[in-house]
Amino acid sequence: MSAPKELSVFGEDYGTSELKFGPATLGNVPDVIENRGYFPDTRSSMVRMTGGPDKRLLVVGPDVANFVEAKRDIAERIVYPMRSGTIERDDDRSWSVVKELTRYALLRHVPETPGFEGVKAVALLCFSSAVCNNLR
């Protein structure tokens, strides 16, 4: 028996400052987190005392606040991938944040319904403003 269609439709909206996401069953009230990632200094005594970010080199979601150490670290270690509304092709740090945010969002809403086989993904990617304007 397959899962109801509403459980297999999932959306993510990568805004400049917030990521809105969730299954269609949430209706007009998606989950929201800041669209950012933090690369903790694994040599820091605070990170070592708290056991580190589970050996991850990148933290996203509400856990970011647990690992930010000092104001001077924010500029160097926190990445807002959509700061200018786009991600440059060779910006590996921003792409890794988007990848981890996507993973975070999908894992937050894995249905426990028997017969769940996956989600249907729909994406709109714009490679330049000229291309985006032609899509309207």
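The values are calculated or read from the model by the stated rules, or taken from the named source; none is laboratory data. What you see is a predicted model, and the numbers here were worked out from it, not measured in a lab. Glycine also receives a Cβ, built like all others from the backbone with ideal geometry; neighbour counts cover every protein chain displayed.
Among the residues of this structure, ALA65 counts as one that is more than 11 Å from the chain's Cα centre (by Cα) and either surrounded by 11 or more Cβ atoms within 10 Å (Cβ to Cβ) or not acidic (Asp, Glu) (or both).
Tallying residues that are among the aliphatic types (A, V, I, L, M), surrounded by 10 or more Cβ atoms within 10 Å (Cβ to Cβ) and at pLDDT below 75 within the range 101-136 yields 3.
For the range 21-49, filtered to residues that are at pLDDT below 90 and basic (Lys, Arg), the residue that is surrounded by the most Cβ atoms within 10 Å (Cβ to Cβ) is ARG48. Of all residues in the range 51-95, those satisfying the criterion of being in contact with a Ser or Thr (Cβ under 8 Å, 6 or more places away or on another chain) and modelled with pLDDT of 80 or more are LEU57, LEU58, VAL79, TYR80, PRO81, MET82, ILE87, GLU88. Among the residues making up the range 12-30, a single one is more than 21 Å from TRP95 (Cα to Cα) and in contact (Cβ under 8 Å) with a residue 40 or more places away in the chain: PRO23. Just one of the listed residues (ASP90, ASP73) is more than 17 Å from the chain's Cα centre (by Cα) and part of a helix (DSSP H, G or I), namely ASP73.
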